[in-house]
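Novice: Here it is, the structure, as structure tokens.
Laboratory data are not the source of any read-out in this text; all were calculated from the coordinates shown. These numbers come from a predicted model, not from an experiment. Here the Cβ positions follow ideal geometry from the backbone for every residue, glycine too, while neighbour counts run over all protein chains shown.
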Amino acid sequence: MPIDTANLEAAIRKSLNCVHIEIEDTSNGCGENYAILLVSDEFEGKSTLARHRWINQLLKDEISQMHAFSQKTFTPKQYEMHLAKDS
Amino acid sequence: MCHRLGLLLLPTTMLRTALRSSLIRSSVLRPNHILPARFLSQEAREQIQNAVSSSPVVLFMKGTPANPECGFSRAAIQVLGLQSVPEEKLKTYNVLVDPELRSGIKEFSDWPTIPQLYVNGEFVGGCDILLSMHQSGELEKLLEEKNVIPTIEGEAVPVHAA
């Protein structure tokens, strides 16, 4: 069964307290490629590698069914800076 | 007679049991994050260990630097090029021609995707991490610290330069 955006969001919200989630299906509809952006206070004090490992672990079953998976992980403060830089 | 035989056998049996329990214990005490590695044979694990430390910079990718066969691998090799990582310090492994390596490296690093970058035998991350470290200046700092690229005097770029 292909993964849809709602499943993925539910799986993330179940284990992580996010203030902002963006899930982009980059597969043109086949449900195999996703790019996610997560903003959470729980990332505070963790290196990017540790955050990504954590998310990889949370979404282990989902990622194993995908072809491609990309993630960005920010604390609320980092996300503000990220938005400021892009605007 | 039986009793004496039993006594004679006792020391070796005990030794064997002790050996076995110490073997079991050492595998049980592995930290959680490398637990998936239990599926890797000792031999495969050693081969991958040799591969990750075969060069100061090692990239496991799909395709070759001249002909990357996936956008993420292409991005990774481009970043290493932009960082001017010298050819003699970079070794790449094409996981598409080696299915065992392809699954083995995922278990070894406990990382679900390709490409994967190692610097001085240490796992750095996949494509997302590589790109964000490149943009923030952290990658240049890491490569300088590990003597992969020369440090340019007086060029201390702040990590969060506006």
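Novice: Using alpha-carbon pairs under 8 Å, 6+ residues apart, how would you state the relative contact order of chain A in percent?
Specialist: RCO, chain A: 32 percent.
Novice: Given a 10 angstrom Cα cut-off, can you work out which residue in A:ASN56, A:ASN17, A:ASN28 is the most mobile in a GNM of chain A?
Specialist: A:ASN28
Novice: Do any GluC sites (Glu not before Pro) in region A:20-65 lie in a loop, going by DSSP, with at most 16 other beta-carbon atoms within 10 Å of their beta carbon, and if so which?
Specialist: The qualifying sites are A:GLU32, A:GLU44.
Novice: Right, another one. Using the Karplus curve 6.51 cos²θ - 1.76 cosθ + 1.60 with θ = phi - 60°, work out ³J(HN,Hα) for each residue of region B:141-151 in order, rounded to whole Hz, and write x for Gly and Pro.
Specialist: 4, 4, 5, 5, 4, 8, 6, 7, 10, x, 7
Novice: Pairs to check: A:LYS14/A:LYS72; A:LYS60/B:LYS106; B:LYS62/B:LYS106; B:LYS106/B:LYS141; A:LYS77/B:LYS141. Give those whose C-alpha atoms are more than 20 Å from each other in this structure.
Specialist: Long pairs (Cα-Cα over 20 Å): B:LYS106/B:LYS141; A:LYS77/B:LYS141.
Novice: Quick one: what are the phi-derived ³J(HN,Hα) couplings along region A:21-28, Karplus 6.51/-1.76/1.60 with θ = phi - 60°, whole Hz, x for glycine and proline?
Specialist: 9, 10, 10, 10, 7, 9, 9, 6
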